[in-house]
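Quick note: the coordinates plus some simple rules give every number you see, no bench work behind them. Here the structure is a predicted model, which means the values were calculated and not measured. All Cβ positions, glycine included, derive from the backbone under ideal geometry; neighbour counts span all protein chains shown.
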Amino acid sequence: MLWICLHFPDLPLSVFARADARQSPTVVSSASHRPDVLVANNAAKQRGIDAGLSIAAALALDPEISIHLRDECAEAAALNNIALWAGQWTSTICIEPPAGVLLEISACLNYFGGLSTLLDRIEWSLAATGFTVVIATAPTAGAASLLARAGRTIAIEQGDDLERELAALPVTLLGSAQAFTDTLAGVGVRTVGDVLALPREGVARRFGQSLLDEIDRARGMLPDARPMFVAPERYHGQIELPSPVEEAEALLFAVKRLVVELAGFLRGRGAGVTRLTCDLVHKDAKPTAIVLGVACTQQVDHILNVLRERLSREQLPDRVEAIRLVSEEISPLRIQEGDFFPGAGKNNEGGAQLVERLRARLGDDAVRALSLRADHRPESAWAYRNDAAIGAAQPVSAKPLRPLWLLSEPRALQGEPASSEVKLLLGPERIETGWWDGREIGRDYFVGHDAKGGELWLYRDRGGRWFVHGIFA
């Protein structure tokens, strides 16, 4: 087995600051009566503000610094969404509170082109979600977790390397050692290797068997059973904005973070989203709900472009403080057949994207398409539609020749076609139908040319009168 641990040392800060495109000085505060700085971003550190400093001292150094009270519920939700996003790489995922996610990736290395390529793709994609991560790889989940929490960006595939790297880690990383930190330091035990150098019976008697068991699980000498993450049926992501936003278009930076998470969730399921809701959360008003129907897709740019157009015409009742994104409906992606010659395939996704962007910009009813109806009467054989899939080409079966332009009302000819300088080329084609609904017709249709070379679609009714019904483009 081979495990990757994604450790997020700045998770308390990231849940607030990943939507901040400006990277303004920001810290997360403890909830005590004399609060301290738990985490500070780089902009705050440049002003001399770091973890452990009191909030009062931080304000003395920078009165304009942004301060957030730690939100452990938001951190847990962020880990859950990271696990959802990680489903695109593997189905074996464990959440390790308070700031870690474990992935077992031995079965998928060949698919992603090897360990190095996979790690690069994971790191690049995580950066797009706005999280700072330490990635460690080891043959056991416990070892990967210890290495990542120690800040070691390392990939270990061999057992000998594992023993050496584990021995050098601080013993304070072990959860079982937290109650004995001072005692261990008093006898000169500072690393995992120092613990292993002591007699096992003495260590178990004085510090408990759980300390040795934790080390043995990390070394692969004991089984390490962990609860597996089970993904929900829908993606539900939320991001808090660093400060209230008044213009809808200014939300795109934060929205992209959520769309990247959504795309990872969809890839893990081999599905595309067909309907999603983006809620803009206000302090003193009901959330502004933006509901989008799109062609089945998992592409970040596709979803983001449609949201961008819709946000550009949204009138906000109040400032936005948070954004929620929910996948209301998803559908399995259809597998497209390959083509021997590049470019020979019929990919209609570009057309669907164009239609969706136009509808997002102009309104749902502003863009419509024509669809065929099962009726032989030309004026009743089509209808407008504005469903989400109008960008996709519809299959057309072999039918008699029909003009592209059908007149709203047939235009009567004065006498026979020859008297109007119309020459008949094809016909007749009889259409006689509609007796069941009171709109019965009986017509003989012809194709003809007028004196200017235009191609017309004409018919003669039962009374012998001639009409022009359509014009061929």
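Note down the relative contact order for the stretch 114-217 as a percent, whole number, built from C-alpha pairs under 8 angstrom at least six residues apart. Working shown, then result.
Numbers: 97 pairs, mean separation 20.3, N = 104.
RCO, the stretch 114-217: 19 percent.
Need one number for the stretch 100-194: average projected area of the convex hull over its C-alpha atoms, nm².
If I average the Cα hull's projected area over directions, I get 6.9 nm².
Can you give me the three principal axis dimensions of the stretch 18-119 from its C-alpha atoms, in Å, biggest first?
54, 26, 21
Percent of Cα-Cα pairs more than 37 Å apart in the chain, please.
On the way: 55675 of 111628 pairs.
Looking at the chain, the distances longer than 37 Å represent 50 percent of pairs.
If you filter the stretch 182-239 for GluC sites (Glu not before Pro), then keep DSSP loop positions with at most 13 other Cβ within 10 Å, what is left? Before the final figure, lay out the partial values.
On the way: sites: Glu201, Glu214, Glu233; in loops: Glu233.
Those that pass, being in a loop and sparsely packed, are Glu233.
Please list the non-local residues whose amide H lies under 5 Å from the amide H of Leu333, H modeled 1.01 Å from N, same-chain partners needing a gap of 5 or more.
Those qualifying (amide H under 5 Å, at least 5 residues apart or on another chain) are Ala271, Gly272.
What is the distance in Å between the Cα centres of the stretch 254-308 and the stretch 211-231?
37 Å
What is the sum of charges around Arg313, taking Lys and Arg as +1, Asp and Glu as -1, for the other residues whose C-beta is under 13 Å from the C-beta of Arg313?
Numbers: positive: Arg308, Arg310, Arg357, Arg359, Arg361; negative: Glu247, Glu249, Glu309, Glu314, Asp364.
Once all neighbours under 13 Å are counted, the net charge is 0.
Dipole magnitude of the stretch 3-219 about its Cα centre, charges +1 at Lys/Arg Cβ and -1 at Asp/Glu Cβ only, in debye to the nearest 20? Mind dumping the intermediate values first?
Details: 16 positive and 24 negative charges, 48 e Å.
Once rounded to the nearest 20, the dipole reads 240 debye.
Net charge around Gly114, counting only other residues with Cβ within less than 15 Å of its Cβ (Lys, Arg = +1; Asp, Glu = -1)?
Working: positive: Arg121; negative: Asp120, Glu123, Glu157.
Result for the neighbourhood of Gly114: -2.
May I ask which residue of Ser29, Leu59, Ala19 lies farthest towards the positive end of the charge dipole of the stretch 3-219, with charges of +1 (Lys, Arg) and -1 (Asp, Glu) on Cβ and the Cα centre as origin?
About the Cα centre, the residue reaching furthest to the positive side is Leu59.
In whole angstrom, how far apart do the alpha carbon centroids of the stretch 1-35 and the stretch 163-200 sit?
Here the answer is 28 Å between Cα centres.
Summing -39500 (n - 2.57) over the DSSP H runs of n ≥ 4 in the chain and dividing by its residue number, what mean residue ellipticity at 222 nm do you reach, to the nearest 500 deg cm²/dmol?
Details: 14 runs with 142 residues, N = 473.
Taking each H run of at least 4 residues, the total per residue is -9000 deg cm²/dmol.
Could you state the number of Å between the C-alpha centres of the stretch 353-375 and the stretch 434-471?
30 Å
When N counts the residues of the stretch 244-291, how does its alpha-carbon radius of gyration compare numerically with 2.2 N^0.38 Å, as a ratio? Don't jump to the answer; show the numbers that get you there.
On the way: Rg = 12.9 Å, N = 48, 2.2 N^0.38 = 9.6 Å.
Cα-based Rg divided by the globular estimate yields 1.35.
Whole-Hz Karplus ³J(HN,Hα) for the stretch 9-14, in order, using 6.51 cos²θ - 1.76 cosθ + 1.60 and θ = phi - 60°, x for Gly and Pro?
The phi angles translate into x, 9, 4, x, 7, 4 Hz.
Can you tell which of Leu333, Leu222, Pro242 lies farthest toward the positive end of the dipole of the chain, using +1 and -1 charges on the Cβ of basic and acidic side chains (Lys, Arg; Asp, Glu)?
Checking the options against the dipole of the chain, the answer is Leu333.
I need to check one value: relative contact order of the chain, counting alpha carbon pairs closer than 8 Å and at least 6 residues apart, in percent.
Values: 850 pairs, mean separation 54.0, N = 473.
Taking the mean separation of contacting Cα pairs over the length of the chain, I get 11 percent.
Output the relative contact order of the stretch 405-471, whole-number percent, from Cα pairs under 8 angstrom with separation of 6+ residues.
On the way: 132 pairs, mean separation 24.2, N = 67.
Relative contact order, the stretch 405-471: 36 percent.
Give me the net charge of Leu2's neighbourhood, meaning all other residues with Cβ under 11 Å from the Cβ of Leu2; Lys, Arg count +1, Asp, Glu -1. Numbers along the way, then the final one.
Values: positive: none; negative: Glu104, Glu157.
Net charge in that neighbourhood comes out at -2.
Taking a ≥ b ≥ c as the square roots of the Cα gyration tensor eigenvalues, with a/c under 1.5 meaning rounded and otherwise prolate when a/b beats b/c, else oblate, which class fits the stretch 3-219? Don't skip to the end; give the middle numbers.
Details: a/c = 2.31, a/b = 1.20, b/c = 1.92.
Because a/c hits 1.5 or more and a/b fails to exceed b/c, the stretch 3-219 counts as oblate.
Beyond 17 Å, what percent of the Cα pairs of the stretch 405-471 remain? It would help to have the intermediate numbers written out before the result.
On the way: 873 of 2211 pairs.
Cα-Cα pairs of the stretch 405-471 separated by over 17 Å account for 39 percent.
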